[in-house]
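The values are calculated or read from the model by the stated rules, or taken from the named source; none is laboratory data. Given the structure is predicted, the values throughout are model-derived calculations rather than measurements. Here the Cβ is made from the backbone with ideal geometry for all residues, glycine too, and neighbour counts use every protein chain on show.
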Amino acid sequence: MENFRESYVNGAFYPDDAIQLRDTLKNYMDQDFEDINYKKLIGVIVPHAGYAYSGAVASYSYNLLKSAIDRRFLIIGPNHYGYPFYPAIYPNGNWETPLGQAKVSEYIASIIMNKSSIIKDDKEAHTVEHSIEVQIPFLQYLFNNDFEFSPIILGKQNIEIARNIAETVITMNKIPKIIVSSDLNHYLSYDKNNEKDDIIINDILKMNLNKFYDDISQHNITACGYGAIAILMIITKKLGGKMILLNHKNSGDTFGDKKRVVGYGAFAAVIE
């Protein structure tokens, strides 16, 4: 394969023109954000819908990431196609967007693959998945391509996989900032969707892993990257941190149609 991954969703999830894309990101990042007090940022949760729907919510998380001194990021999101079933890492090379090429961290990937028995080297699995890609222009805008990232997508997202990956990351000598890519509940009416979002938001903030998985099953909550969220919850709890809700909206707030919406949440995992 080529040593770079071309954009799959530019022009659909975000503008395919560099100037327009920068202007769009500037508009999101110029919002007024509430100050959050903490000692250390572990990671964030961000949505991954089209920017017109979820970009303003995602910016709440990126507002915290913009001050990162160590610009190495581990980005974990769902594989919406469900196959391959195993967690797939893109091990090296560059990802291309209208803002240029972003470097994949071969160093982080090699450490993770050496430590985990379930994460596989599979560039092909990332070819048409958008959950990671839509995060890259935000990082490019903030850091002008002066950063590295390692992307992992999850096929199966059960609790055992979440624990395995979380334990793998915890054992790293220097844990990169973690970006979890997930939307919340999908395709219910405005109020019903918010009810399900409230359930999962409460579980995330309490970091109760078993209840989180139980509620997803019991209430049929369709958050697409729940396994990635679980990974960050486990890591944060092990490090003695806490989860903070930065912003929550749904597509009915951002795009008007409230009959069938998708929920979006921005969270921070911090040590106070």
Query raised in the report: Scanning for something aliphatic (A, V, I, L, M), surrounded by fewer than 21 Cβ atoms within 10 Å (Cβ to Cβ) and within 15 Å of Glu133 (Cβ to Cβ), does segment 11-20 turn up at least one residue?
Result: yes
Query raised in the report: What number of residues within segment 147-171 satisfy the criterion of being in a loop (DSSP other than H, G, I, E, B) and under 16 Å from Ile118 (Cβ atoms)?
Result: 5
Query raised in the report: Got at least one residue in segment 203-210 being out of contact with any Pro (no Cβ under 6 Å at 6 or more places or on another chain), within 25 Å of Ser117 (Cβ to Cβ), among the aliphatic types (A, V, I, L, M) and modelled with pLDDT of 95 or more?
Result: yes
Requested in this report: Please tell me if Tyr62 is outside any strand (DSSP E or B), of a type outside the set (A, V, I, L, M, F, W, C) and surrounded by 14 or more Cβ atoms within 10 Å (Cβ to Cβ).
Outcome: yes
Query raised in the report: Out of (1) within 27 Å of Asn250 (Cβ to Cβ); (2) part of a loop (DSSP other than H, G, I, E, B); (3) not aromatic (Phe, Trp, Tyr), the odd one out for Val180 is which?
Result: (2)
Query raised in the report: For His130, which of the numbered conditions (1) in contact (Cβ under 8 Å) with a residue 40 or more places away in the chain; (2) assigned to a helix (DSSP H, G or I); (3) within 18 Å of the chain's Cα centre (by Cα) fails to hold?
Result: (2)
Requested in this report: Please tell me if Lys174 is basic (Lys, Arg) and part of a helix (DSSP H, G or I).
Outcome: no
Report summary line: For segment 144-168, the count of residues that are out of contact with any Ser or Thr (no Cβ under 8 Å at 6 or more places or on another chain), under 15 Å from Trp95 (Cα atoms) and in contact (Cβ under 8 Å) with a residue 24 or more places away in the chain equals 5
Query raised in the report: List the pairs whose first member sits in segment 191-220 and is touching a residue at least 40 places away in the same chain (Cβ under 8 Å) and closer than 14 Å to Ile244 by Cα, whose second member is surrounded by 14 or more Cβ atoms within 10 Å (Cβ to Cβ) and of a type in the set (D, E, K, R), and whose Cβ atoms are under 9 Å apart, counting only residues at least 6 apart or on separate chains?
Result: Leu205/Lys242
Query raised in the report: Based on what the data block shows, is Ala102 assigned to a strand (DSSP E or B) and within 19 Å of Ser150 (Cβ to Cβ)?
Result: yes
Report summary line: Checked against (1) part of a helix (DSSP H, G or I); (2) under 19 Å from Ile76 (Cα atoms); (3) hydrophobic (A, V, I, L, M, F, W, C), Ile199 satisfies every condition except (2)
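Condition check ((1) outside any loop (DSSP other than H, G, I, E, B); (2) modelled with pLDDT under 95; (3) more than 13 Å from the chain's Cα centre (by Cα)) across all residues:
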{"residue": "Glu34", "(1), (2), (3)": "no, yes, yes"}
{"residue": "Tyr83", "(1), (2), (3)": "no, yes, yes"}
{"residue": "Ile118", "(1), (2), (3)": "no, no, yes"}
{"residue": "Val134", "(1), (2), (3)": "yes, no, no"}
{"residue": "Leu139", "(1), (2), (3)": "yes, no, no"}
**Report entry** Restricting segment 21-39 to residues that are surrounded by 11 or more Cβ atoms within 10 Å (Cβ to Cβ) and of a type in the set (D, E, K, R), the residue that is nearest to Asp70 (Cα to Cα)
**Finding:** Arg22
Query raised in the report: Within segment 247-268, can you find the residues that are farther than 16 Å from Leu188 by Cβ and buried (at least 21 other Cβ atoms within 10 Å of the Cβ)?
Result: Ala266, Phe267, Ala268
Query raised in the report: Of all residues in segment 213-234, how many are over 21 Å from Arg260 (Cα atoms), among the hydrophobic types (A, V, I, L, M, F, W, C) and surrounded by 23 or more Cβ atoms within 10 Å (Cβ to Cβ)?
Result: 6
